[in-house]
Amino acid sequence: MFDLDGTLLDSSEDIAIAVNYAFEKLSIPQKTTQEIVSKVGYGAKKLIEDLIPDYPQDIKEKALELFREFYYKNPVIYSKLYEGAQETVIKLKESGKSVAVITNKYEELSKKILDKLEILNYIDLVVGADTTPEKKPSPLPVFYALEKLKPEKQNSILIGDSETDILTAKNSQIKSCLVLHGYGNKQLALSLNPDYVINSLKEIEV
């Protein structure tokens, strides 16, 4: 099981463009890409709330609406798969393993992005923020994937770039792997003692 943003996919520029589009429309000061991606990983609603915590709730809701509207139309302008992502997923599929994506993005949008990047056909299941009643770090998305794909739980692993992914794996009682590229708080993620730590998806042995 792979996380999407920051793990399989470098989507930082597209997310930043969409956020700043929304902020510009509402006369909110622009944020740097670094400021924005440091808040990525918990879903769009929390992203906006964390970027403009002192603004009124109605402004946050409007910013979220504008962000989603723009991002849904333009999810893959600059986004690209990380080096080794496509090759690793293809090798896993060809070796007979089940491959899932577990993300806090909406399911339909995630599938759209994966399709545009020509990798969706190699993924057995996409579990988004709206697929199950709760999203990561809840174990429900992983339980849903286990129920659908029916692998041996002891042989299942969640690979991600943030503490959210490591927590999700631990809450689900499956193995965890932290990849050191991406956006997540690496010190916090490492403090949770993931089972494996890799620099690149190319290090995954199939």
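Only residues that are of a type outside the set (Val, Ile, Thr), outside any helix (DSSP H, G or I), touching a Phe, Trp or Tyr at 6+ places or on another chain (Cβ under 9 Å) and closer than 29 Å to Ala145 by Cβ were counted in region 1-42, giving 9. Only residues that are among the β-branched types (Val, Ile, Thr) and surrounded by fewer than 17 Cβ atoms within 10 Å (Cβ to Cβ) were counted across region 29-47, and they come to 2.
In region 29-43, is there at least one residue being of a type in the set (A, V, I, L, M, F, W, C), out of contact with any Ser or Thr (no Cβ under 9 Å at 6 or more places or on another chain) and not assigned by TED's automatic domain parsing to the domain that holds Ser162? No, every residue in region 29-43 fails to be of a type in the set (A, V, I, L, M, F, W, C), out of contact with any Ser or Thr (no Cβ under 9 Å at 6 or more places or on another chain) and not assigned by TED's automatic domain parsing to the domain that holds Ser162.
For first residues located in region 42-69 and over 20 Å from Lys136 (Cα atoms), partners that are aliphatic (A, V, I, L, M) and part of a loop (DSSP other than H, G, I, E, B) and lie 6+ apart or on another chain with Cβ distances below 6 Å form the pairs Ala63/Leu26.
For Val101, state whether it is within 18 Å of the chain's Cα centre (by Cα), crowded, with 16+ Cβ neighbours inside 10 Å and in a loop (DSSP other than H, G, I, E, B). Judged against the criteria, Val101 is not a match. Residues of region 157-171 that are touching a residue at least 60 places away in the same chain (Cβ under 8 Å) and among the small types (Gly, Ala, Ser): Gly160, Ser162.
Within region 110-121, residues that are within 16 Å of Ile77 (Cβ to Cβ) sit with their Cβ atoms under 7 Å from residues that are of a type outside the set (A, V, I, L, M), at 6+ positions apart or across chains, in these pairs: Lys112/Pro75; Ile113/Pro75; Ile113/Ser79.
Select from region 155-191 the residues that are assigned to a loop (DSSP other than H, G, I, E, B) and not polar (S, T, N, Q) and list them in ascending order.
Asp161, Ile174, Leu180, His181, Gly182, Tyr183, Gly184, listed by residue number.
Of the residues in region 46-55, not one is touching a strand residue (DSSP E or B) at 6+ places or on another chain (Cβ under 8 Å) and assigned to a helix (DSSP H, G or I).
Being part of a helix (DSSP H, G or I) and touching a residue at least 60 places away in the same chain (Cβ under 8 Å) is the filter here, so list the residues in region 127-154 that pass it. If the condition is that a residue be part of a helix (DSSP H, G or I) and touching a residue at least 60 places away in the same chain (Cβ under 8 Å), then Val142, Ala145 are the ones that fit.
Applying the condition of being touching a residue at least 60 places away in the same chain (Cβ under 8 Å) and surrounded by 21 or more Cβ atoms within 10 Å (Cβ to Cβ) to region 179-204 and asking which residue is farthest from the chain's Cα centre (by Cα) yields Leu201.
The values are calculated or read from the model by the stated rules, or taken from the named source; none is laboratory data. Please read these numbers as outputs of a predicted model, since none were measured by experiment. Positions of Cβ are generated from backbone atoms using ideal geometry, with glycine treated the same way; all protein chains shown enter the neighbour counts.
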